[in-house]
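Heads up, the thing below is written out as structure tokens.
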Amino acid sequence: MRCAVIVFPGTSGDIDCYHVLKEILGQPTEYVFHKDKFSPEDFDLIVIPGGSAHGDYLRPGAIAKHSEVMRSILKAADAGKLILGIGNGFQILLESGLLPGAVIRNNDLKFHCKDIFLKVEHNNTPFTKLYKKAEVIKMPIAHGVGNYFADSNTLATLKDRGNIIFTYCNADGKVTEDANPNGSVENIAGIINEKGNIMGLMPHPERCCEKILGNTDGIRLFESILQHIEGGIK
């Protein structure tokens, strides 16, 4: 599995993502900088990590979407390559139109950095095959602009097509208002596009992939991708 980790000025999750893909999973992995170009056939997986691309000036992802590398990412998306946006990467995917909706300031206007619980709403995607449907997992979040919003028509489409992949929940798997760390509509933490090759989420799976970190719930997301690509799973 050939992997690209995209790096913008202000990206901070690139090293963690590279470590998971290269050192833990042992896959060929390259850093690709925001001014670089690549062809769709160059990579099987493209990861846009978290951080604050271009300092999050204007709003998160607003400047990054105009970068040269995004032209290559758009071509890769059209070619069906797998694209994963984490945190700020999710924001960039939303700003670029590769995923529907938007993120706004957390409803309490505070930055939240903590572990949260997620419910796996669907496991029939390349990113979640190794999870169980309705499984409760734990991942860290670190954002001040993570409040996912979509209009009623977009939200209805996401629901009807099963494109809501992760929701914030409590330890018992109940999707409640108290379990929602940022005010996201319907407790949405992660979504996928209609084609099924582009996923974005605010939590950080790359930060919970090793026992030394106290949690390995994130590694199965990357292992799911590897199994999908190397096994030819459709």
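Every read-out reported here was derived from the displayed coordinates using simple, explicitly stated rules and does not represent laboratory data. These figures come from a predicted structure and were not determined experimentally. Here the Cβ positions follow ideal geometry from the backbone for every residue, glycine too, while neighbour counts run over all protein chains shown.
With only alpha-carbon atoms in the gyration tensor, what are the semi-axes of the equivalent ellipsoid for segment 64-117, in Å, largest first?
Semi-axes (√(5λ), whole Å): 26, 13, 10.
Normalised by the residues of segment 1-72, what does the relative contact order come to in percent, with Cα pairs under 8 Å and at least six apart?
Relative contact order comes out at 42 percent.
In the Gaussian network model of the chain, springs joining C-alpha atoms below 10 Å, which of I188, I104, I86 carries the largest mean-square fluctuation?
Per the Cα network of the chain with a 10 Å cutoff, I104 tops the list.
Regarding the chain, what are the three Cα extents along the principal axes, ordered largest first, in Å?
Over the chain, Cα extents along the principal axes are 43, 39, 36 Å.
Roughly how many debye, to the nearest 20, is the charge dipole of the chain about its Cα centre, given +1 on each Lys and Arg Cβ, -1 on each Asp and Glu Cβ, and no other charges?
180 debye
Among S224, S39, S12, determine the one that fluctuates most according to a GNM of the chain built with springs between C-alpha atoms less than 10 Å apart.
S39
Using amide H atoms built 1.01 Å from N in the peptide plane, name the residues 5+ places from A189, or on other chains, whose amide H lies under 5 Å from its own.
F166, T167, Y168
5 Å is the cut-off here: which amide hydrogens, built 1.01 Å from N in the peptide plane, fall below it relative to E210, excluding neighbours closer than 5 in sequence?
N215
How much net charge surrounds E23 when only other residues with a Cβ under 15 Å from its Cβ are counted (Lys, Arg +1; Asp, Glu -1)?
Residues close to E23 contribute a combined charge of -3.
Whole percent per 5 Å bin, from 0 to the bin with the longest distance: what is P(r) over all C-alpha pairs of segment 53-152?
Using 5 Å bins, I get a P(r) of 2, 11, 17, 21, 21, 17, 9, 2 for segment 53-152.
Provide the per-residue ³J(HN,Hα) series for segment 199-207, in order, calculated from phi with Karplus coefficients 6.51, -1.76, 1.60 and θ = phi - 60°, each as a whole number of Hz, with x at glycine and proline positions.
10, x, 8, 7, x, 10, x, 5, 9
What aspartates and glutamates sit close enough to K174 to cross-link, taking a C-alpha to C-alpha distance under 20 Å and skipping anything fewer than 8 places away on the same chain?
Within the straight-line limit of under 20 Å, K174 reaches these aspartates and glutamates: D115, E121, E135, E186, D217.
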